[in-house]
Amino acid sequence: MKLVAIKTLTGEIELITGLHIGGGDADMHIGGIDNPVIKHPVTQEPYIPGSSIKGKMRSLLEWELGVVGDTRGKPISYKHIEELTANQQADAKDIIRLFGGAPESGDSTVSLVEEIGPTRLAFWDCPLDPKWIEDIRNKNLLLTEAKMENSIDRIKGIAENPRQTERVPSGAKFQFRLTVREHDGDGDLLDVVLKGLRLLEISGLGGSGSRGYGKVKFNHLECNGDSLDERLENTMPFNSAA
C-alpha cells in the first residue's frame, strides 16, 4: 500500500440558520447565558470544531447505509463488517477507510486492517471568516446572539423553564478545510466525502436541529484548486440502491 497523494478540500461554511455547538461553562453568572457556544480560548471567537463535522458526517453516512442497527449504535468498525450484507460491506469499508476504526484481535480483523489501511481523512477546526468578523464589528454587532427558549404548560398555556441559548447567527461564514490521503487502489473516495457533506447540508450541524438550528451550506468548495460546487450540488445521497 503506497501513499500517492494528499488532497486538500477548502471552502466556506455559511450558516443558513443560527448554529449552537456547546462549549460548556464552569462558571455560573447571574443573568448569564445558560448554554454558551464553544469559543477559541485566546480570541474568544466562536468556531466549528473539526471533530463536530467528522462525527456528524460519519453518523449520517452510517444511517444512510443502514448499519446503525447492526452496530448497536456504535461507530462501525472492523468487527462489524462480516455481519453486514454483501451490498453494504464495500461502502462500510470505505467509511472505515475514511474515518478510521478500532482494531480487534482475530485473524479476520487483522486481514481487514491490512486491507483497509490508515485513516484517510483529517478534519481541521473551522474559524470564522476574517472578512465576516470585520463586517460585523464595523456594524457594532456581536459575533453571537442569545436566543430565549422555554417550554409551554399544555393546560395552563404558561411559559415555563425560561433559558438562554447562545448561537452564532445566520449569515455567519466559517473557513472550511480537510485533507484526504490517497493510497493506490483506493478508488475515488471523494464521492463518499461529498455524500457526507451533502448529508450535512440536508440534516444540519450542531445541537437543537429539530428546533431549526444548524442549517448550513458549503460554498466555494475546491479540491487542490478545482471547483467541486457542481459535483456537490449533484450529489443525491438517497438515490443509491440499498
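The values are calculated or read from the model by the stated rules, or taken from the named source; none is laboratory data. Computed from a predicted model, the values in this text were never measured in an experiment. Here the Cβ is made from the backbone with ideal geometry for all residues, glycine too, and neighbour counts use every protein chain on show. Side chains are part of the model used for accessible areas, which takes the heavy atoms of the whole protein and leaves out ligands, DNA and RNA. Shrake-Rupley method; radii C 1.70, N 1.55, O 1.52, S 1.80 Å.
Need the failing condition index for residue 41 against (1) touching a residue at least 24 places away in the same chain (Cβ under 8 Å); (2) over 16 Å from residue 174 (Cα atoms), just the number.
The single condition residue 41 does not satisfy is (1).
Residues to consider are 125, 129, 94; find the one that is open to solvent by 70 Å² or more (accessible area, probe 1.4 Å), closer than 30 Å to residue 48 by Cα, touching a residue at least 24 places away in the same chain (Cβ under 8 Å) and not aliphatic (A, V, I, L, M).
125
Could you grab me the full set of residues in region 200-210 that are open to solvent by 10 Å² or more (accessible area, probe 1.4 Å) and in contact (Cβ under 8 Å) with a residue 40 or more places away in the chain?
Answer for region 200-210, where residues must be open to solvent by 10 Å² or more (accessible area, probe 1.4 Å) and in contact (Cβ under 8 Å) with a residue 40 or more places away in the chain: 203, 206, 207, 208.
Would you check if residue 112 is at pLDDT below 95, in contact with a helix residue (DSSP H, G or I) (Cβ under 7 Å, 6 or more places away or on another chain) and either of a type in the set (Gly, Ala, Ser) or surrounded by 20 or more Cβ atoms within 10 Å (Cβ to Cβ) (or both)?
So residue 112 fits the description; yes.
Could you say whether any residue in region 146-155 is open to solvent by 90 Å² or more (accessible area, probe 1.4 Å) and touching a strand residue (DSSP E or B) at 6+ places or on another chain (Cβ under 8 Å)?
yes
Quickly run through region 203-242 and pick out the residues that are aromatic (Phe, Trp, Tyr) and under 17 Å from the mean Cα position of the chain (by Cα).
Passing the criteria: 213, 218.
So residue 175 passes all but one of these: (1) open to solvent by 40 Å² or more (accessible area, probe 1.4 Å); (2) in a helix (DSSP H, G or I); (3) in contact with a Pro (Cβ under 9 Å, 6 or more places away or on another chain). Which condition number does it fail?
Looking at each condition in turn, residue 175 falls short on (2).
Working only within region 211-220, note down all residues that are crowded, with 20+ Cβ neighbours inside 10 Å and in contact with a strand residue (DSSP E or B) (Cβ under 6 Å, 6 or more places away or on another chain).
If the condition is that a residue be crowded, with 20+ Cβ neighbours inside 10 Å and in contact with a strand residue (DSSP E or B) (Cβ under 6 Å, 6 or more places away or on another chain), then 214, 216, 218 are the ones that fit.
Is there a residue in region 225-242 that is open to solvent by 80 Å² or more (accessible area, probe 1.4 Å) and among the aromatic types (Phe, Trp, Tyr)?
Within region 225-242, one or more residues are open to solvent by 80 Å² or more (accessible area, probe 1.4 Å) and among the aromatic types (Phe, Trp, Tyr).
Please name all residue pairs, on different chains or six or more residues apart, with Cβ atoms under 9 Å, provided the first residue is in region 140-160 and is at positive phi and the second residue is open to solvent by 80 Å² or more (accessible area, probe 1.4 Å) and modelled with pLDDT of 80 or more.
Pairs that qualify, where the first residue is at positive phi and the partner is open to solvent by 80 Å² or more (accessible area, probe 1.4 Å) and modelled with pLDDT of 80 or more: there are none.
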